[in-house]
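A short write-up of the structure that comes next.
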Amino acid sequence: MKKNFKIAASICFSIFLFSSCTKEEAAPQVAKITYVTDIKPIIVANCTPCHLSGGGNPNKWDDYLQAKNKIASILDRIQREPGTTGAMPNGAKTKLSSETINKFKQWVTDGTLEK
């Protein structure tokens, strides 16, 4: 009986020892897309001068709240084919890159964070 107890205890200890040796890897944290860091620079580079303060369009995308509140419209227009009505950037011969458009989409997914 003592022998069986020692064997069982040894097995339990071994299982415990080996199970505690496995280390769970934490998922790498991916920085969330924010307006200030990621979106505003795209807007400044591609929507000048119309959609910036002082520009002729009343929609000022260099203002966080306006951009956040109109993101559905922004996404709609930047995904249109160049030359179609309402396509943005206005007059561009090509759309923004897929990577750039995906940043806008990811901004929405991440919660349209400002900073």
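Observations on the structure shown:
- Considering only residues in segment 69-96 that are among the polar types (S, T, N, Q) and open to solvent by 60 Å² or more (accessible area, probe 1.4 Å), the one that is nearest to H51 (Cα to Cα) turns out to be N90.
- Of all the residues in segment 43-68, those that are surrounded by 13 or more Cβ atoms within 10 Å (Cβ to Cβ) and not in a loop (DSSP other than H, G, I, E, B) number 7.
- Per the conditions (1) open to solvent by 80 Å² or more (accessible area, probe 1.4 Å); (2) in contact with an Asp or Glu (Cβ under 8 Å, 6 or more places away or on another chain); (3) not in a loop (DSSP other than H, G, I, E, B), the sole criterion not satisfied by T37 is (2).
- Qualifying residue in segment 64-84 (condition: in contact (Cβ under 8 Å) with a residue 12 or more places away in the chain, of a type outside the set (K, R), in contact with a Ser or Thr (Cβ under 7 Å, 6 or more places away or on another chain) and within 15 Å of I33 (Cβ to Cβ)): yes
The values are calculated or read from the model by the stated rules, or taken from the named source; none is laboratory data. For clarity, every value in this text was computed on a predicted model and none was experimentally measured. As a convention, Cβ positions derive from the backbone with ideal geometry for all residues, glycine included, and neighbour counts pool all protein chains shown. Only protein heavy atoms, including side chains, enter the accessible area calculation; ligands, DNA and RNA are left aside. Shrake-Rupley method; radii C 1.70, N 1.55, O 1.52, S 1.80 Å.
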